[in-house]
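Reading through the structure tokens given below for one structure.
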Amino acid sequence: MSRRFLFLQSISTKLFLIAFTSVVIVLIMIGIIAYSTIYVVVKENQEKSLQQSVEYVEDYLKWYMVNVQSQLVYFSNSNIYESLARENFMLLMSNYIDLNSDEMNAAYVIEDGNVVISSPALYRHWLTDDFIADVTRQAEQWGFWWSEPFDSGFGRAITVAKSFTTNDKAKKITIALELNVDSFVSGVNSYSPNKNIYVFSRSGEFLASNANVYYHREKIHQDEMVQKLRSVLLDHGNSFNTVHTSEGAHRVLKSDNNRWDWIVFAVVNERDAYPLLTAVQKQFFVIFLIWIVLSIFMANRLAWYIKKPISQIIKQMNKGSLGQLDTQISKVRKDEFGLISMHFNKMMQNIKELFENLKEAEERKRVEEIRVLHSQIKPHFLYNTLNAFYWLSETERVQEIGPLIQSLMGLLKYSIDKVGDVVPLGSEIKQLENYAELMRLRYGSIFELDVVIPDELLYLVSVPKLTLITLVENSIFYGLSDQRDVNHIIVTAAQSAANQVVIEVSDTGPGMEEEKIEQLFQKGLKRDSHSGLNNLGVRNIQERIELYYGLEYGLKIENNDDEGLMVSIQLPMAGSMNKGEK
């Protein structure tokens with residue numbers, strides 16, 4: 001259990017957290033109530049400000065369109081139109097355009113489907129026949145008509161038109177004015193700072209806005225806001241909404257209190273809309289920090305009563321964690337800490353006994369590792385093998401050296417790497433074949449090695465490294481004393497029980513006397529040396545198997561009925577390893 005976990009589970013920590021949390025919760029509740037009250041008041045004031053901005057734009061649009069209507073009524077007076085020459089009527093329209101250049105782009109007269117008068121004079125050449133026909137048709141149908149917004153040569157605009165008939169009823173005349181829609185929101189910034197106005201047609205076409213678009217980033221934000229506001233058009237009546245863009249949340253008021261099917265939106269960024277709330281948040285943060293400091297102080301004093309008596313217990317526990325296993329807790333209060341003291345003393349006694357047992361086990365392991373180190377390849381084996389390579393080169397059998405060198409390299413790496421580990425049976429068999437190839441190089445065909453093991457057992461069984469190599473090595477060298485025939489060595493494996501496997505190494509050599517078989521497992525007995533791969537004895541293999549897998553596993557050696565020797569190895573299957581597995 002980590003020290004951090006113990007700290008969080010301690011009584012003093014719990015008491016501290018309870019006291020601290022209680023005080024903080026009280027402060028947060030007070031802050032929420034105060035902030036909510038202020039928020040409601042500020043929000044109402046801000047909504048009133050948005051309402052005033054919308055009303056201002058609506059009033060301006062009413063005045064603007066009444067002025068446009070009045071001018072159209074004046075221009076469409078048949079007496080005035082018929083009494084003036086076309087040059088004078090165009091001059092009249094030009095003077096009106098000059099006086100209202102910020103609001104008006106152009107004015108023109110359509111007669112019999114043709115533009116007969118325009119101001120500016122060249123404006124008639126910009127108009128298409130389809131557009132002229134549509135303006136004439138709409139004006140004659142509605143009397144007074146205004147178009148959807150479009151891009152003219154002067155920017156975003158709408159066309160307002162009125163149709164009338166001459167006194168003799170012979171002709172229908174249409175007077176059209178092109179209005180600059182940006183003028184719809186002129187003067188809003190001075191009246192309503194920090195608020196943006198967006199004007200749409202009823203069909204959702206964007207008309208105008210007072211938002212600054214001097215930079216590309218501002219143009220992107222305006223386009224994003226226009227898309228968001230189009231979704232609000234589906235609502236009816238005046239209502240407050242909140243829309244979210246990449247610039248943050250915005251408070252929006254929609255109004256359509258005009259008879260021209262225009263919808264006005266007043267938009268304010270909530271970040272700029274509530275500066276008072278921002279100031280309150282900063283003050284609340286300062287107050288919260290001060291309250292936190294005071295809460296920590298009070299909670300700490302409250303928890304100290306519990307923390308102080310357990311400090312002595314913690315001190316003794318730290319000594320025990322540093323290896324002082326004789327540590328005992330003797331002086332504690334007569335409360336719940338007495339139970340802690342009793343169990344701690346018992347635990348330290350158990351740990352001391354456990355360490356003594358582990359010390360003994362580690363000593364056995366150390367001895368085993370030293371023995372395994374001794375089992376590494378002997379210089380005699382390398383010398384004899386390299387000498388054989390030399391004679392192969394001298395007898396023009398160089399092509400045989402490459403595979404043999406690979407076998408030697410694999411055997412060297414296998415013997416040196418991860419000393420003392422157990423390995424899959426398949427890895428041991430592979431290196432056994434490498435070893436057999438090298439031994440055939442030295443001794444020729446005095447022995448044959450057959451490995452008959454099911455594929456499914458190759459990686460379901462583990463053996464201590466060099467076990468099979470050592471047993472085959474012994475069979476080879478003991479067989480050298482009887483050269484009457486080829487020594488046939490067979491390695492087999494089969495499942496003997498649900499979770500056990502028996503590996504057998506048999507040969508057709510001279511066998512061994514029963515007395516010598518018994519001596520193989522006697523400690524302190526020096527075995528005969530030969531120039532083999534290693535000096536790892538049969539008794540050492542037995543000890544390693546017992547260490548890794550337990551006392552119920554190990555070797556069994558017996559003479560065959562006909563000839564030779566049989567060595568059986570009892571091992572567990574993978575997944576059933578006991579305490580000795582690594």
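Cross-linked pairs Lys62/Lys162; Lys352/Lys465; Lys352/Lys556; Lys219/Lys282; Lys219/Lys254: Cα-Cα separations exceed 29 Å for Lys352/Lys465; Lys352/Lys556; Lys219/Lys282. Ranked by the mean number of other Cβ atoms within 10 Å per residue, highest first, peptides 121-129, 457-465, 224-232 order as 457-465, 224-232, 121-129. Bridgeable aspartates and glutamates around Lys413 (alpha carbons under 19 Å apart, same-chain partners fewer than 8 residues away excluded): Glu369, Asp421, Glu428, Glu433, Glu437, Glu473.
What percentage of all Cα-Cα pairs in region 121-167 are separated by more than 13 Å? Of the Cα pairs, 63 percent sit more than 13 Å apart. Summarising the amide proton neighbourhood of Glu448: residues at separation of 5 or more, or on other chains, whose placed amide H is nearer than 5 Å comprise Asn487, His488, Ile489. Taking amide H atoms as placed 1.01 Å from N in the peptide plane, the amide H of Leu325 has no partner under 5 Å among residues 5 or more positions away or on other chains.
Lys62 sits among other residues whose Cβ lies under 12 Å from its own Cβ, and their net charge, with Lys and Arg +1 and Asp and Glu -1, is -2. Summary of the geometry: region 206-269 and region 94-143, compared by the centres of their Cα atoms, lie 31 Å apart.
For region 42-273, take N as its residue count and report Rg(C-alpha) divided by 2.2 N^0.38 Å.
On the way: Rg = 19.7 Å, N = 232, 2.2 N^0.38 = 17.4 Å.
Ratio of Rg to 2.2 N^0.38 Å for region 42-273: 1.13.
Spin-label model, Asn559/Glu514: points 7 Å from Cα along the beta carbon direction are separated by 0.9 nm. Region 404-454 and region 489-508 have Cα centres spaced 18 Å apart.
Between amide H atoms placed 1.01 Å from N, distances below 5 Å from Thr245 occur with His250, all of them 5 or more places distant or on a separate chain.
Full extension from Ser203 to Lys48: what is 0.36 nm times the residue separation minus their Cα-Cα distance, to one decimal in nm?
In short, 53.0 nm is gained.
Here, each number is a calculation from the coordinates, and none is a lab measurement. Please read these numbers as outputs of a predicted model, since none were measured by experiment. FYI the Cβ positions are ideal-geometry reconstructions off the backbone, even for glycines, and counts take in every protein chain you see.
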